[in-house]
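Below: one structure, written as structure tokens.
The values are calculated or read from the model by the stated rules, or taken from the named source; none is laboratory data. Remember, predicted model here, so these are calculated numbers, not experimental data. Because the Cβ atoms are built from the backbone with ideal geometry, glycine has one as well, and the counts that use them run over all protein chains shown. Just so you know, the surface numbers come from the protein's heavy atoms only, side chains and all, with ligands and any DNA or RNA stripped out. Shrake-Rupley method; radii C 1.70, N 1.55, O 1.52, S 1.80 Å.
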There are 2 protein chains.
Amino acid sequence: MTYTHAMNERTILKIDPQQDIASQLRKVGITPTQQRVQIAEILFARPRHMSADQVLAVVNRDGPIASKATIYNTLGLFARKGLLREVIVDPSKVFYDSNTAVHHHFFNVDTGELTDIPSDDLILTRMPELPPGTESAGIDVIFRIRSRDAAH
Amino acid sequence: MTYTHAMNERTILKIDPQQDIASQLRKVGITPTQQRVQIAEILFARPRHMSADQVLAVVNRDGPIASKATIYNTLGLFARKGLLREVIVDPSKVFYDSNTAVHHHFFNVDTGELTDIPSDDLILTRMPELPPGTESAGIDVIFRIRSRDAAH
DNA sequence: CATGGTTTTGTACAAAGTCTAGAAAATGCC
DNA sequence: GGCATTTTCTAGACTTTGTACAAAACCATG
């Protein structure tokens, strides 16, 4: 059996910030509560990488909209539904990536900055056999980088 | 500029469990204290993936050998010296991999199991340009897998 | 065997994330 | 619309991973 790059593709659903958020959420089986819509508006305004902490801060910038538990619940829900991709590169927190197109990441270990690598800029060949009884849940490729002058 | 797979190579140092651990540690600039030797003996007996928690439990199985702080200090030290590779795939804890040869990982998201993929079984081509002013600190490729019958 | 730098230790602390029980909001049905 | 049922939200306590710190122990060297 051979695997192709297409196997990296996850369930991809794209929320269009120009269209009505509530009906798009309903379309993927998510009840569009006020909190979820507000969180979605922030995340899907443009492709971005945010931690739960950052989402919490932005959502509640002008008064209390959603609690910490709701942020975690909502991010987890969106990720399960394929609207967000969890990016695990920093042991201290999870990033949620609202760019659901196939792509990979640079992670600057000095600054904590996460940036996208378009899928076309990297090709994986000669893919390994998956262990028996398992199926792919996505492939993550992370280029860890360092600022060239930083002490290390 | 083109990158080759060799760029993935990190500082690689291999501890041989058959040889004297203390003198091998000394050779890489690590003072071989009793705690460090004991921790090294566990980690380098064979290639394995362990969390700090697991190391703590195994080290102190037959009486107190090392404290939590020492485990973290030692794992961090070994990783900085290139004896261990930190593997960040699970948001809840860091794995330390005593296989320092170039390789990648399967991570079973259902079981939390981490297994190796030999370097030869995967080839990366058409590598992306690194952002200006940065240098590589290693490339991680993680195949996230799921047990095929698991609910999801 | 005295000296002084390095390690280790216990404890306190910090931060990310989970859990829970009750309040509030959404939904479905008449 | 009104009302009952179900789902979601909230505040805060709790858990877990990991770090900070200061005192005690260790150990190489003269």
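In this assembly, the B-A interface accounts for approximately 3600 Å² of buried accessible surface in total, computed with a 1.4 Å probe and without ligands, DNA or RNA. Mean residue ellipticity, 222 nm, helices only, chain A: the sum of -39500 (n - 2.57) across DSSP H runs of n ≥ 4, divided by residue count and rounded to 500, is -7500 deg cm²/dmol. Amide hydrogen proximity for residue B:113: with H placed 1.01 Å from N in the peptide plane, the residues at 5 or more positions away or on another chain lying under 5 Å are B:108. In the stretch A:82-120, comparing the full protein assembly with the chain on its own, the residues that lose 50 Å² or more of accessible surface at a 1.4 Å probe are A:88, A:91, A:106. Each Lys and Arg Cβ is given +1 and each Asp and Glu Cβ -1; about its Cα centre, the protein assembly as shown then shows a dipole of about 520 debye. Secondary structure note: in chain A, about 75% of the DSSP beta bridges are antiparallel.
Taking amide H atoms as placed 1.01 Å from N in the peptide plane, the amide H of residue A:104 lies under 5 Å from those of A:117, A:119, each 5 or more residues away in sequence or on another chain.
How large is the charge dipole for the stretch A:5-145, taken about the Cα centre, if only the Cβ atoms of Lys, Arg (+1) and Asp, Glu (-1) carry charge, to the nearest 20 debye?
So the dipole magnitude of the stretch A:5-145 works out to roughly 500 debye.
Fully extending the segment from residue B:35 to residue B:113 would add 25.4 nm, taking 0.36 nm per residue of separation and subtracting the current Cα-Cα distance. Enumerate the lysines that residue A:93 could reach by cross-link, defined here as Cα to Cα under 22 Å, with residues fewer than 8 away along the same chain left out. Within reach: A:68, A:81, B:68, B:93.
Taking every DSSP bridge with both residues inside the stretch A:82-147, close to 70 percent are antiparallel. When both the stretch A:49-77 and the stretch B:14-81 are represented by their alpha-carbon centers, they are found 40 Å apart.
Annotation for residue B:148, label-to-label distances across the other copies: 4.9 nm (shortest first, one decimal, point 7 Å from Cα along Cα→Cβ).
Relative contact order of the stretch B:5-145: what whole-number percent is it, with Cα pairs under 8 angstrom and at least 6 residues apart? Kindly include the intermediate steps, with their values, before the conclusion.
On the way: 167 pairs, mean separation 36.3, N = 141.
It rounds to 26 percent for the stretch B:5-145.
Sites listed here are trypsin sites (Lys or Arg not before Pro) in the stretch A:36-134 whose DSSP assignment is loop and whose Cβ has at most 13 other Cβ atoms within 10 Å: A:61, A:126. For residue A:20, the point set 7 Å out from Cα toward Cβ sits 7.8 nm from its twins in the other copies, listed from shortest up. By accessible area, using a 1.4 Å probe on protein heavy atoms only, chain B has 49% of its surface on carbon and sulfur.
Extending 7 Å from the Cα toward the beta-carbon at both residue B:14 and residue A:13 defines two label points whose distance is 4.8 nm. Amide H contacts of residue A:137 (H built 1.01 Å from N, in plane; Pro and chain starts excluded): B:144, B:145, B:146 sit under 5 Å, all sequence-distant by 5 or more or on other chains. In this structure the stretch A:73-122 gives 37 Å² per residue of accessible area when probed at 1.4 Å with all protein chains present.
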